[in-house]
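Read the structure below first, then the notes.
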Amino acid sequence: MKKKLSIIFLLIIFSIQIYNVIAIQRFPKPEFESGHTQPPTLTPDPRSQALDILDVFVLVAALSIVSWLIIKKRSRKGVFWMSIFAVLYFGFFREGCVCSVGSLQNVTLALFNPEYNIPLTVIAFFILPLVYTLFFGRTFCAGVCPLGAIQDIFALHPISIKSWLEKVLGVIPFIYLGLAVLYSATGTDFIVCRYDPFIGFFRFEGTFMMFVIGGLLLLIGVFISRPYCRFLCPYGALLNLISRFSKKHITITPAECINCRLCEDSCPFEAINKPVILKHKEEKSIASRRFVLLGIIIPLLILIGGFTGSQFHENLAIVNSKVRLAKELLNNTNYGETDQEAFEITAFNSSNQSKEDLYNEAASITHQFYIGGWILGGFIGLVFGLTLLSLSVFRYRKDYTPNKGTCLSCTRCVDYCPVKVNE
Amino acid sequence: MKQKLIIGLSLILLLAVIIFMVRDFYKGSNRNQSNPYEYKLDNLKNIDPELITYAESKQIKPNVENPLAIAIDSKDQIYVCGENILTKFDTTGNQLLSFDIHSTAYCIHVSTTEEIYLSKLDRIEVRNPNGTVKELWEIINDRAVITSIVTTEDFVFAADAGNKVVYQYDLKGNLIKEIGKKDTLTGAPGFIIPSPYFDLLIGTQGKLWVVNPGRHSFENYDFSGNLVSSWDRTSMQLEGFSGCCNPTHIALLSDGSFVTSEKGLERIKIHSPNGDFKTVVAGPKSFVEGTKGLDIAVDSKDRIYVLDPVKELIRVFEKQ
């Protein structure tokens, strides 16, 4: 019922956007000449630093409360209401920016470009969820991230997907992470922000395709819960890695698991590890042979990935505006424009930079992409290798446990567990 | 089976989203040559020919420098004024009279007794039918910009764009009251007039119609100054008015419909008494781009006279 009410509430908020569609431009400017003076154009003041600090405090408070609700109170209801708060505050009020997901690009850019002065708020938004994840698992994903929260509200009819498919699709966020780092490191683009699917909803404005992508992901999310978090989010990939080492992760049962299997299908994210019965344990010799094989395959995958990535460095680099400009000038293709000079070329011609300087700069950037291509390809190869490893490695489990990497700490499974601890 | 189908479709959609993102990033141009803030009015200037039910039947050269205003009296005689000169024509375009008015007249009205009312910016000049000055009414406020005058048997109404108010005078020029002034106590919203176009007329039912151009609305007042009714139509399309302040001029057809002229998108249209769009008299392609201040008048045969200040012509439009 509450979920339905929340959806109705969100739909009402989204419907306000229709206003933008029917809004009518007015022209031309007033021209009264009888003493009327045009008021000066006012530019809004930058956001107060105090509000930025407030955001950090709210983030810390939200992370602390949600972690407490998850680890101590084990309250699904509490997490749900924190999700609503996250959507309202970090989503609609803060208009989705700065967000932790996008902050990884700012941090990368700051690491690779000393001239970039990264705001402390952005660093805090990047670091704090990582720190909390290291201690408590992905509690940030559970009820603080507005991108996750908005999808969670739409997870109405979750359907299970095959674990192999989950694994295969789960590789995408790591590729996205690698690309996001590459493009931020080279100062090319912040692709995570460019393709943020829900920012349009939070700001009540955006391109048509932005709304289509966001709408489609919410639609998919009705059946395949949180598709962005699971199969796209690059920050989630980072949290996935860190959460594996979390000190105090949520458990399904507060005491000993009685293997009642009630929680087995409770997770909409396929993040529950089922017990593995001892008799299925494979022989040591087979396991050893597999490890040796994987020991060869994984470095090979890294090498192949790196080599492949390096071969595509020109394709990767072409989206860099300077590389593209150099290419257009070199080939005299004018960005495909036939009726007029492309504005990039007009702007370049009006600058004092020589073509040779531009070509040198573009060559330098392309070389960065060559190195980046090696690293990106190697990283993707490693991810494939580790995915292969995780699929083939045998782990003995006697209890139902959350997968610390993919578990979003939503606490849905907790409600299914009949084991209670008397306090 | 149903679940498999849903999963399959969801995954296809997910992959489509990912493929679109990748394609958009690498193959999309990521650039837009056009200025997103530029007003693109070209499409709006193209009007379906079927909606234009009037045709230009005649052009009259008024021989008035910088013609600004046009009026037609009860005998269908045409009056045009501008810089220093007022000229009178018969319906065929033959000049009947022309006299010096010594300065620019911004609007003109001819009463049923053929007295000529001229706006000299911040005062009203009343002239006899032969052109001699009868009276001069000073407006109390030095910010006055009188843009339109109409008369009834008992009153004279003058629209002051500078003070955003309509003055009601008796026939001797005594100010009776101000109509439509913004009043926070009574909640009267007032007129929004960003540019010096503020027109009024007396409707078929003897009530005062005033254009509130900033609101794209027509407001109907009784002679006590009470707002009786109003309608507004804001639209870039033919159905309404757009820009900071439109329509700039209005006139009345015998069936009570309004003829309107607009600037920005230079259009002459007809709206029914309740505001609904009826037809187009002349579209933007009939005028030089940037033309504004297209004053209009209607004769007893519902022919529409448009004073084109750029071409310095009286252009007559008749229903086809």
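None of the figures in this text is laboratory data; all of them are computed from the coordinates on show. As the structure is a computational prediction, the values presented were derived from the model and not from experiment. Here the Cβ positions follow ideal geometry from the backbone for every residue, glycine too, while neighbour counts run over all protein chains shown.
So for the range A:52-122, taking the charge dipole from beta-carbon charges (+1 Lys/Arg, -1 Asp/Glu), which of A:PHE80, A:GLY102, A:ALA61 sits furthest toward the positive end? Going by the Cα projections, it comes out as A:PHE80.
Angle, helix B:2-26 long axis vs. longest principal axis of chain B, Cα atoms, 0 to 90°, nearest 10? Between the helix axis and the principal axis of chain B, the angle is about 70 degrees. Just to verify a number: FRET efficiency for A:ILE13 and B:LYS177, C-beta to C-beta distance, R0 = 56 Å, to 0.05? That pair, A:ILE13 with B:LYS177, gives E of 0.75. For B:VAL165, the residues whose amide H sits under 5 Å from its own are B:ASP160, ignoring neighbours fewer than 5 places away on the same chain, with H placed 1.01 Å from N. For the pair A:GLU337 and B:SER235, a Förster radius of 35 Å applied to the C-beta separation gives a FRET efficiency near 0.55, rounded to the nearest 0.05.
Could you work out the relative contact order of chain A? I mean the mean sequence separation of Cα pairs under 8 Å and 6+ apart, divided by the number of residues, in percent. Please report the intermediate quantities before stating the final value.
Numbers: 559 pairs, mean separation 95.4, N = 423.
It comes to 23 percent, rounded to a whole number.
Highest GNM mean-square fluctuation among A:VAL168, A:VAL192, A:VAL87, for chain A modelled with Cα contacts below 10 Å: A:VAL168. Note on chain A: with a GNM built from Cα contacts shorter than 10 Å, the maximum mean-square fluctuation among A:ALA363, A:ALA342, A:ALA155 falls on A:ALA342. Per residue, the protein assembly as shown reaches -11500 deg cm²/dmol at 222 nm when only DSSP H runs of four or more residues are counted, each adding -39500 (n - 2.57).
For chain A, the longest principal axis of the alpha carbon atoms and the long axis of helix A:172-185 meet at an angle near 40°.
Have a look at A:GLU328, A:GLU166, A:GLU337 and tell me which one the Gaussian network model of chain A (Cα, springs below 10 Å) gives the largest fluctuation. With Cα springs under 10 Å in chain A, the top fluctuation among A:GLU328, A:GLU166, A:GLU337 is at A:GLU337.
Using C-alpha pairs under 8 Å with a sequence gap of at least 6, the mean separation divided by the residue count of chain B gives a relative contact order of 15 percent.
Think of chain B as having a plus end and a minus end, set by charges on the Cβ of Lys, Arg, Asp and Glu; of B:SER98, B:TYR221, B:SER257, B:SER257 sits farthest toward the positive end of this dipole. As a ratio to 2.2 N^0.38 Å, the alpha-carbon radius of gyration computed for chain A takes the value 1.15.
Positive-end ranking of A:GLY178, A:TRP164, A:VAL131 along the dipole of the range A:116-207, with charges on Cβ about the Cα centre, is headed by A:TRP164. Maximal additional length on extending the B:LYS61-B:ASN274 stretch stands at 73.2 nm, based on 0.36 nm per residue less the C-alpha distance. Taking the Cα centre of the range A:282-392 as origin and assigning +1 to Lys and Arg Cβ atoms and -1 to Asp and Glu Cβ atoms, the resulting dipole is close to 720 debye. Remark: the range A:244-315 carries a charge dipole of roughly 360 debye about the Cα centre, counting +1 on each Lys and Arg Cβ and -1 on each Asp and Glu Cβ. Cα-Cα over 28 Å: which of B:LYS61/B:LYS177; B:LYS88/B:LYS134; A:LYS77/A:LYS247; A:LYS274/A:LYS420; A:LYS73/A:LYS404? From B:LYS61/B:LYS177; B:LYS88/B:LYS134; A:LYS77/A:LYS247; A:LYS274/A:LYS420; A:LYS73/A:LYS404, over 28 Å: B:LYS61/B:LYS177. Projected label points at B:GLU114 and A:LEU5, each 7 Å from Cα along the beta carbon direction, are separated by 7.9 nanometres.
Relative to the current alpha-carbon distance between A:GLU361 and A:SER160, full extension at 0.36 nm per residue lengthens the span by 67.4 nm. Where a ≥ b ≥ c are the square roots of the eigenvalues of the C-alpha gyration tensor, would you call the range B:54-115 rounded, which needs a/c under 1.5, or, failing that, prolate if a/b is larger than b/c, or oblate? Because a/c hits 1.5 or more and a/b fails to exceed b/c, the range B:54-115 counts as oblate.
Of all aspartates and glutamates in the structure, the ones whose alpha carbon falls short of 13 Å from that of A:LYS72, not counting any fewer than 8 places away in one chain, are A:GLU423.
With both labels modelled 7 Å from their Cα along Cα-to-Cβ, the B:SER103 to A:LEU111 distance reads 7.6 nm. Remark on chain B: Rg and Dmax equal 24.6, 95 Å (Cα only). Fully extending the segment from A:MET209 to A:ASN349 would add 47.1 nm, taking 0.36 nm per residue of separation and subtracting the current Cα-Cα distance. Think of each Lys and Arg Cβ as +1 and each Asp and Glu Cβ as -1; about the Cα centre, that makes the dipole of chain B roughly 1580 debye.
In degrees between 0 and 90, to the nearest 10, how far off the longest principal axis of chain A does helix A:321-331 point, with axes built from Cα atoms? Tilt of helix A:321-331: around 60 degrees.
Tell me, how many Å apart are the Cα centres for the range A:87-129 and for the range A:402-423? Here the answer is 30 Å between Cα centres. Roughly speaking, what is the centre-to-centre gap between the range B:82-138 and the range B:160-185 when only Cα atoms are used, to the nearest Å? With the range B:82-138 and the range B:160-185 each reduced to a Cα centre, they are spaced 22 Å.
If I take R0 = 60 Å and measure r between the Cβ atoms of A:ILE304 and B:ASP48 in this structure, what FRET efficiency does the formula 1/(1 + (r/R0)^6) give, to the nearest 0.05? Taking R0 as 60 Å, the efficiency between A:ILE304 and B:ASP48 is 0.45.
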